[in-house]
Every structure is written in structure tokens, then in C-alpha cells.
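A quick write-up on the structure given underneath.
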Amino acid sequence: MKQDIRDLFKDDEASGKQLPENHRQEFYDQLKASRPRRTSKLNTNYLFKVAVMVVLFMGLALIVFTTTDKVIEVIVESPIETQIDALEQQYLANIDEEWQNFISVANDEKLVNRYRDKLDDLDNDYQEVSKQFKADNNNILVIETLVDNLKTRLQLLKDIQEHINLLNQKRTL
Amino acid sequence: MSKTHSILINRCKKGDEKAMMQIYDMYCDAMYQISCRYLNEEDAKDAMQESFIKAFNKLNSFTEDFTFGSWLKRIVINHCIDELKKKRLEFVESEITNLSIEDNENDWNFDAAITKQQVFDAIGKLPSKHQIVVKLYLIEGYDHEEISNIIDIPIKTSRTHLRRGRIQLQELLKTHYNEARY
Amino acid sequence: MKRLTFKIYVLMLITSGSIFAQKKPVYSQSFSIDKNTTAIFNLENTTVSIEESTDGKVHFDYSLEFDGYSKKEIEEQLGEVQVKATKFENHITLVSNSVSKISDVTYAYDAPNGLVLDFDGFQTWNDSIVRKSRDSIIKEIRYNAFGKINAPFKYFGDRFKTMKENGKLKDIKRSDIKILRSKFHIKIPPYLKLKINGKDAQITMRDDSMNELSVVLKRGYFYAKQLINEYNSFKIENANLRAEGIVGGIYNFNNISKGLIGSLQNVKITSEFSKIQIGELKENVSIADFNSEYFFYNWGIDFKRFDLFSEYSKIHLFYPQDNDYSMKVMGNNTKIMYGKDLEINMQPTSKGVKYNMIEMKQKGEGHFSGAINFDIIHGIIYNYNDTFKPSKN
């Protein structure tokens, strides 16, 4: 008698392979490590314009705080920290999105790990400079360093994706 | 897809980690079985977990044209094949000989006494080029177009590998069956 | 994008030669030294310029120039700066720190009604890439290092306006701008062994230096003329580096945003995530790189040998002009582009093993200047010589 062996495989029965005990925790850790904080689409030009406005507000705040003998209409609507926070959130969202794009096209573990390390390193830098900022929030230089850090991270991710795409294009001589 | 499942997926899209862990719990065993067909157990576990991460990142491209399970399965298989490629498996035949297409392509009729496990074992003995295509066709149920997308080979090559694999299976199982009788 | 940071920085560099500027000394100290003296400068949030001392002494001279500041503001600013230098057992230690970050020039503007950006030209231009001579790189370094922008006030005034009571824009008056200039000058004799630990530090070496230097810098910048010493060791991270010439030493570059080096000789470089333009590659340079973008513009007449080991790098390669040379490219998964249309694709091999991609033997005519060796994985090489025809092995 004959059987069509394709029928044997029609239903996906478990073949008895057991996952190791800590697999769930292991997965959870991996999941955590890869999660984005937020995602949103953003126009980078807009970000830079926001950065400039922040700088200008900062400039104004400096004046407001240092010239005590003038009557000044405070035009600053929110303190500088809040504006920097907002800028930071927007940039970080963009960076996270680019990170997700990057890890989905990158096949090289080593590359991904090195990028992860570098971005962590830049994040640590950022935290250090943020502390400076708290102590010295009228300083355009510190703000510039913060914005530069965010821009660099974003640009690094964009550049490597472009690089990978270029390498993957299959046109040959 | 059931309503609760839809809600779960939507929550995953929004980044809800609890929902993601629930999806993991639902599908991890099945996906692990699938990975084990292509990789050894340790690699299969890693591949399965990495596939979930990839899937969660690509959720925006998941529409309800497929079931979530089959969409996830495709991701897992693609990932496993990538891992195999890293181990330098070669899929492309350097010479495609003109096989006469006289034999019946759909002749998957084997002796009824042959068990699923025996088929599995026989598949494991095939050369890797053919083994992958046979697995994707026979076990996963993909057609040649899908297979050609997954392994990135021409459809014609996929047919050739499958045909050769099938013929070799017939040889292996015939011998086995014959041996079993004695 | 570059324009924006440049713009913010320009606010820092406005110069106005007001005769009413008040110069306040911050710190002054000198030490006699001998050939065995060593020194460490720990610089944080500080800008310094280092020059050669001809009288056998190390001099520290720090003053701040205030232009348009009130007495109280000046006192406050001075109070925030901490500088101290000590000498003990033939070793000098300088510590310089500041609560608020001090740059070359800092500006402040009295804007009762706010400053407004009134400029739409945030152009990001893409310079077409052409061969730059070593001299033009040096020129570029000097132009930027000493920050002289032609007509800075006009540049600023074109872009910023202030608001009147009624909300309308009006031009900014030059006399309303407050300026703070930092002048921290250090003079060191050429035989001083110097270690610099910099963090958010802006360091400029205004004279060629033969000192044995060990520099670790995180954030900020390091500008130099010639750095000549085979024992030099530099580690520059998340900062910028510009040097007119580097001879000898080991250099480690991590995330240098726009590195400009006039020429390199007898140097070992390890780099990552950086963008570096090199005017001229001279004798015996080797670079081990990960994911940087390099521009190799010119080659010395006797560069002898150049080695590049890289992964995921972008290389802009201009070939030696006038002299004979040989070139060998080995690697894996690398694209070599010739102009826009022609491309050689060195596919990844199934085993990931490196293989000989290109080999150009020397022509045998004219003077042989050296051998270029690339060992390059996942890289992209841009060739800028239309007459080049590869002969693959």
C-alpha cells in the first residue's frame, strides 16, 4: 500500500524538543536590551531649528538672570531645562528608530555589538555633559556639546545603514 | 485571528513588553521545533529568540493577510537559513543539468508502512543542498516560489534540488524498508 | 547640519576690538626645569594655548578679558575658575578647572526682547570630492584653528535680529554685545616630557613640537602644528583633531568628527568611527580602522610602504601622481567604485576568507615611491582616477 508522505507532515506535531529551563528569562533580557523608548517620525531639519531656538532662549535666560537692574519682560515661556528635555526626547526617539532599522538590516553580530558599545559610550558621555548642564545651564557651549552628541549618534546610525545598503547592492562588472 | 490575539498584537506594536512576553509564551515551543529542524539545539534556541526580536521590530509590516503564526514562522526560517549560510552551506548548483521532466514531479507515494520518524531520519541523510529544500517543501509546506525567496536561489534550482532529494529519499527508504524485512 | 553648529560656534567667535575691555589676571606661575623634568596638565572645561619657551622655564599665564561686563559679573566669573600649578621632585602638575565652560571667546547679548533667528539658509552643501593638496589642508587647519572669520559681525548680524517692543525685528547693535576672551597661555621648553589629560578641553599648540607628548583627550579639540616625536602617544575620543604634520608615535582616534592632518610619517594609527582627511602620506604609515571615513589625498615621493587594515570603512583614494607605485588590495566583501558608473564588487566568499582582489605591480618606469597595501573587509573604496584600469589576479 502506498501513502503520500506529504500528508505525514500536514500537521505540525511537536517533535519533543524541550527548551532549556531559563529560556524565558534569557529572552526577556534580550527583549529588554533591544527595546526602543519611543518612536516617532521626525524631520531632522526641524530638530536643528528647535536646537537653535533653544539656544536663543538660553541666551535670553542668561540676560534675564544677569542684568538685575533692568525691568525685563520675561518672554521665556518655559525654563531651559524643559526645552532641552524636549529636544532630547525627540532626538532619542529618532535615534531609537534608526537603531531598529539598523539591526534589522545588519547581519554581522560583531558590527552590531560594536555599534551598541559605541552608542552606549556616547550615551555615557551625554550623561556626563548633562550633569555639567545642570550646574551651568546658561552655557551655549554645553548645550552645543549635548546637541552634537545627539546628532553624532543619529548620523552614525544613518551612515552605517547607507554603508550596508551600498555593500548589498548586487551590481557587478 | 481571534479578537484577543489581535489586541495582543496591537499592544506589541505599541511596545508593550508584557504583551510581547505573552506572544513569546504562545509560540516559543512551536518555533523552537522548527528551528531544531535546521540547527542544533543551542543554535536553534538562539535563532528562535533572535527571530522573535526581529519579528517584534517588524510588527508594523505585519498585516492580517497571514496568520501571525505563519508570518512568525517565515521569519524564524529565514533566520535559520541565514545562520546556515554563515556556516558556508552552498545552495546554488554550479551546473544545472537538463533533467528530463518525464518522471512525475508529484510522485510522493511511498510505502504506507514507513513512519514519519523514518522519513525524518532519511531526510537527515540527504546532502545539505537537497535537505534544506526537501525540508522547506515537505515539512514546512512551502512551494517553490516561497522556497526560492527564502534561500535566494532560482525557482528552477529549487525544483531540481527537490526532485533529486525526492529520488534519493525513495532510494534510502526503499533500502530501509527492504532491510527491515530481513 | 554642519552649518548649524558652525553658527552656534560663530556666536562664540565674534571679535570686537573694544578698547574698554578689562583684562583680569587669573593665574600666573613659572617654573625652571631641566632635561629630566616631567609635567602633567589636567585640564577640564578649559581652553589653553601652548607655545615654545626659549628661556628654560615653564610659564603659565591665565587671564580673562571682559568686555561689557559689570564688576559683579566679573567677580563671579573669576570665582568659578580654579587653576593651580605645583612642582614637586622635578615633576610639575597643573590642574585647571572651571564650573562654567570657557572657550576662546564667549559672548553674551543684552536682548531685553529676545533674539530671533532670521535666516532661512540652512544649506547643507555636499562638496564634490576632489584631490586636496597638503598645503590646502594645512590652510584649512590654520583657518579653523585660529577662528578668524572674515566679517564675523556681519555674519552674525545677517542672521540674528532682536525684537522691538511691538514685535518687529531690528538689527543688533554691535555695542550691545558682551564679550569674554580666555587667554590661557602656557610656554614649555622643547625637552619637557608632557602628559595632558583633557576633558572638554580646547588645546592649541601654536608652535611645532618635538616634546614627548602623551595626550588623552575626551571632548573638545586638539589643534597642532607639527608633532614630532617617535614616543608620542595620543588618545583622542569624541573630540576633534587637526595637525599640520605628525611624525612618529602611536595615535588612537575614536569618533573624531572632522580630522585634518597635513601629513603623516612613521605613525601607527588605530581608529574607529572617525572622519579623517590626510594631505600627504609619507614613509611607513599603518592604519588599523573600524568604520571610519578616510581621505588619502597625496603620497610622499618615497613613502615606501603604507598598510591599511580595515573593516566597514569608507576610503577615498587618490593615487600617487608623478611616481611609480604598487598596490595590493586583499579582503572580502568590498566594493570598489570608479566614478559613478563603474564598480567592482568583491563579493563575500562563502567561507569569509580574504582573497586577493586587486594587484597592481609597479610599472617599472620612473621613480618608485612605495607599496600600498589594503586589507579590507566590508569596505567601500572610492577611486578618484579615471585612467585607472585594474588588472585582477
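Coordinate-derived values only; no laboratory data. Bear in mind that the values here come from a model prediction, so they are computed numbers and not experimental data. Cβ atoms come from the backbone with ideal geometry, glycine included; neighbour counts cover every protein chain shown.
Neighbour counts of other C-beta atoms within 10 Å: give me B:Thr160, C:Thr54, C:Thr46 arranged from fewest to most. Write out the running numbers ahead of the final one.
Working: B:Thr160 19, C:Thr54 9, C:Thr46 28.
Final ranking by Cβ density, sparse to dense: C:Thr54, B:Thr160, C:Thr46.
Counting only other residues whose beta carbon sits under 13 Å from that of C:Glu52, what net charge do I get with K and R as +1, D and E as -1?
Computed value for this residue: 0.
What three numbers, in Å, describe the spread of the alpha carbons of the stretch B:116-181 along their principal axes, ordered from the longest?
Here the Cα extents, ordered largest to smallest, are 41, 18, 16 Å.
Distance in nm between label sites at C:Asp324 and C:Glu51, each 7 Å beyond Cα in the beta-carbon direction?
4.9 nm
Determine the shielding of peptide A:104-111 by partner chains: average, over its residues, the number of Cβ atoms on other chains within 10 angstrom of each Cβ.
Mean shielding count: 3.
Quick check: the distance between the Cα centres of the stretch C:255-289 and the stretch B:18-57, to the nearest angstrom?
44 Å
Along the Cα-to-C-beta direction of C:Glu230, a point sits 7 Å from the Cα; which residues of the stretch C:188-204 have their amide N less than 19 Å from that point?
Only C:191-194 fall inside the zone, counting backbone N under 19 Å.
Kindly put C:Met327, B:Met20, B:Met31 in sequence by how many other C-beta atoms sit within 10 Å of each C-beta, fewest to most.
Placing the least packed residue first, the sequence is C:Met327, B:Met20, B:Met31.
Take each of the peptides B:116-123, C:260-267, average the number of other beta-carbon atoms within 10 Å over its residues, and list them starting from the highest.
So the order, starting with the most tightly packed, is C:260-267, B:116-123.
So if R0 is 56 Å, what FRET efficiency would C:Glu365 and B:Ser128 give, r being the distance between their Cβ atoms, rounded to the nearest 0.05?
0.60
Need one value for A:19-32: mean number of C-beta atoms belonging to other chains within 10 Å of its residues' C-beta atoms.
Average neighbour count from other chains, rounded to a whole number: 4.
Report Rg (one decimal) and Dmax (nearest whole number) for the stretch B:3-86, counting Cα atoms only, units Å.
Rg then Dmax for the stretch B:3-86, in Å: 12.5, 40.
Obtain the nm distance between the two label points defined at A:Glu128 and C:Leu78 by a simple spin-label model: each point lies 7 Å from its Cα along the Cα-to-C-beta direction.
Distance between the two pseudo-spin positions: 3.1 nm.
Using +1 at the Cβ of each Lys and Arg and -1 at the Cβ of each Asp and Glu in the stretch B:116-181, identify which of B:Ile123, B:Tyr137, B:Asn149 lies farthest towards the dipole's positive end.
My answer, from the dipole projection, is B:Ile123.
May I ask you to derive the FRET efficiency for B:Lys85 and C:Lys71 from their Cβ-Cβ distance with R0 = 56 Å, giving the value to the nearest 0.05?
0.15
What is the spin-label model distance, in nm, from B:Asn10 to C:Thr86 if the labels are put 7 Å beyond Cα along the C-beta direction?
With each label placed 7 Å out from Cα toward Cβ, I get 6.8 nm.
In the structure displayed, which of B:Lys85/C:Lys335; A:Lys131/C:Lys23; B:Lys73/C:Lys275 lie more than 32 Å apart, Cα to Cα?
B:Lys73/C:Lys275
Quick one: which of A:Lys158/B:Lys45; A:Lys158/B:Lys58; B:Lys86/C:Lys354; B:Lys135/B:Lys156 span more than 20 angstrom between C-alpha atoms?
Those over the limit are A:Lys158/B:Lys45.
What's the average, rounded to a whole number, of partner chain beta-carbon atoms within 10 Å of each residue's beta-carbon in C:216-223? Before the final figure, lay out each step's value.
Numbers: counts 0, 0, 2, 6, 1, 0, 0, 0.
Shielding by partners across C:216-223 averages 1.
In this model, which of C:Lys282/C:Lys314; A:Lys110/C:Lys282; C:Lys57/C:Lys101; A:Lys118/B:Lys54; C:Lys35/C:Lys225; A:Lys32/C:Lys218 are farther than 25 Å apart at the alpha-carbon?
A:Lys110/C:Lys282; C:Lys57/C:Lys101; A:Lys32/C:Lys218, as the Cα separations exceed 25 Å there.
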